[in-house]
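Shown next, in structure tokens, is the structure this report addresses.
Quick note: the coordinates plus some simple rules give every number you see, no bench work behind them. Owing to the predicted nature of the structure, the values given are computational and were not obtained by experimental measurement. Methodologically, a virtual Cβ is constructed for each residue, glycine included, from the backbone with ideal geometry; neighbour enumeration extends over all protein chains shown.
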Amino acid sequence: MTEPKTRRDFLVQTGLASAALANLPSRVLGAPTPIASGQPVLAQGIQIGDPAGDRAIVWSRADRAARLFVEWDTSPRFGNPRRVRGPYALESSDFTARVDLADLPRDREIFVRASFEALDGSGAQSEYSHGRFQSTPLFRRGVRFVWSGDTAGQGYGINLEFGGMKIYEAMRQRRPDFFLHSGDTIYADGVIPAQLTVEEGKIWNNVTTPEKSKVAETLDEFRGAYRYNLLDENVRRFNAEVAQIWQWDDHEVTNNWSASKSLSANASYTEKSVALLAARGTRAFLDYAPLRPFDAEESERVYRHIPYGCMLDVFVLDMRSYRNPNGENLEPAGAPFLGAKQLAWLKHKLRESRAVWKVIAADMPIGLQVPDGTNAAGKPIWEAIANGEGGAAVGRELEIAELLRFIKRQRIANTVWLTADVHYCAAHHYSPERAAFTDFEPFWEFVGGPLNAGSFGPNKLDATFGPEVVFQKVPPAANASPYAGFQFFGQVDIDERSAVMTVQLVDLNGTTVFTQELEPRR
């Protein structure tokens, strides 16, 4: 994201069970109350992630060395809990730990509680931190999920007078099956000051921490950015009730980073090695994301497939780890953005999918121009896929052209792209009738965000793949604060009977600003 001018029913509630949990004291959802010294404390609550098949991740963090235990049941009263012994939480992971719950019943509301056992020989056990989530469908049913990106950017952190990061509460009230975080889960390069003066002379007051008083350079500072977000009550309650699927983008490390990024002239950084910052940022992300680890073959892999019943497959992309250096993006033979291995994986998984809808979760948009300054010759450098030329596909565009051609020739129906990054909401329709590259079927891309960050936009379109702006909502001036109201998430509903997908763009007050219905192609 370049900052100077533009920035990038089911829960047909299970009724009685939901009502029973709602009647429990509010403190049981998210972080527990502090307890006697000597016992571990779960100050950051729990997160639930990567629901797929009969599995789901439960993540938590202790305040000291301890072992994680997770219990789950289909009743909030825990009359017949299954107890799973998790791993140790040690200094090496910042005392975070996760359990991959298995053999879960499908299509049920699952209630979980996590605790830590001290390792000092006392056997002291923490209080429970409670949560719940919807397990994945086994048979055909409606699905609802939300997506967005960009948390705590441009210095807009937790403002208690504003209600904190209250867009998370607006999303929770929609009762989604899961949440897709489209990247920029933190702003490692973004300082959170105590106070900002914003539009109309208003004052934005932030909760502050030492780790967020400067850009993240040490591993603890990167981890501190995640701990900062978890100070917000809206975020913790949301985490305890909505399963999440995370991906990442640039701000988990530093703005617009790639192999060409130089911090030599950036006085904010004493550590000038972008590769070392990326290593630390990656480690912190993997410590704090409720993400299912891939395997020993590529332990840091983020791209993955989340099957969600017969109605939906989610393909989570990583547009950051395998790209070539940011540049003019005009290589006639093409340049990696997804990379050959990830692109081959995506094509294989799309061809294999039998779900009605195939959602491609992209951390960056396809046809929006996202600049990254200029080079020594004064030529524009590009951060995303588009290069501003609008002609035949070249550079990074060739990977997208190959993918779109493959989708058409394999007759893969009902692909929809969801993204964030540019800090405004939009609906784009791509069609070969308007495009320079024409060997593809029309498709939609929907843009959400930001969640709690400065608002920007709009970005210019690149005509290579024929995008058209069907809708967009942008602030009147760049870097509008959350006070201005230009914070957005998207909601997707797939109807159980017709399989029609309804996409809404929603603001932080829960008001729908745009709706688009998509008929499935048989």
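Annotations
- Taken about its Cα centre, the chain carries a charge dipole of roughly 1040 debye when the Cβ of each Lys and Arg holds +1 and the Cβ of each Asp and Glu holds -1.
- Label-to-label distance, nm, for residues given as residue 107 and residue 333 (7 Å Cα→Cβ offset): 5.3
- 222 nm mean residue ellipticity, helices alone, for the chain (DSSP H n ≥ 4; -39,500 (n - 2.57); rounded to 500): -4500 deg cm²/dmol
- The P(r) of the chain has a tail past 39 Å containing 20 percent of all C-alpha pairs.
- The orientation-averaged projected area of the convex hull spanned by the Cα atoms of the range 369-522 comes to 10.4 nm².
- Cα pair count fraction exceeding 23 Å, expressed as % - the range 303-445: 33
- Size descriptors for the range 308-373: radius of gyration and Dmax over Cα atoms are 14.2, 44 Å.
- Counting every C-alpha pair in the range 447-522, the share spaced more than 17 angstrom apart comes to 54%.
- In terms of the mean number of neighbouring beta-carbon atoms within 10 Å, the peptides 57-67, 106-116 order highest first as 57-67, 106-116.
- Across the range 139-181, the relative contact order, built from alpha-carbon pairs under 8 Å that are at least six residues apart, equals 62 percent.
- Segment residue 322-residue 80, length gained on full extension (0.36 nm per residue, minus Cα span): 82.5 nm
- Taking the range 33-147 and dividing mean pair separation by its residue count, relative contact order in percent (alpha carbons under 8 Å, at least six apart): 30
- Three-way shape call for the range 134-280 based on the alpha-carbon gyration tensor, with the a/c threshold at 1.5: oblate
- Residues residue 199 and residue 296, FRET efficiency given R0 of 41 Å [Cβ-Cβ distance, rounded to 0.05]: 0.25
- Note on residue 161 and residue 100: their simple-model spin labels are 4.7 nm apart, each label 7 Å out from Cα toward Cβ.
- Checking every one of the trypsin sites (Lys or Arg not before Pro) in the range 392-446 against DSSP loop status and a limit of 13 other Cβ atoms within 10 Å picks out 411.
- Under 17 Å from residue 358, Cα to Cα: lysines that are on another chain or at least 8 residues apart: 347, 349, 408
- Whichever lysines have a C-alpha closer than 21 Å to that of residue 460, once near sequence neighbours (fewer than 8 apart) are set aside: 5, 379, 473
- Charge sum, other residues only, whose C-beta stays under 13 Å from residue 55's C-beta, Lys/Arg counted +1 and Asp/Glu -1: 0
- Net charge in the neighbourhood of residue 330 (other residues with Cβ under 13 Å of its Cβ; Lys, Arg +1, Asp, Glu -1) is -3.
- FRET efficiency, 1/(1 + (r/R0)^6) with R0 25 Å, evaluated for residue 272 and residue 376 via beta carbons: 0.85
- Relative contact order of the range 148-210, defined on C-alpha pairs under 8 angstrom at six or more residues apart (%): 46
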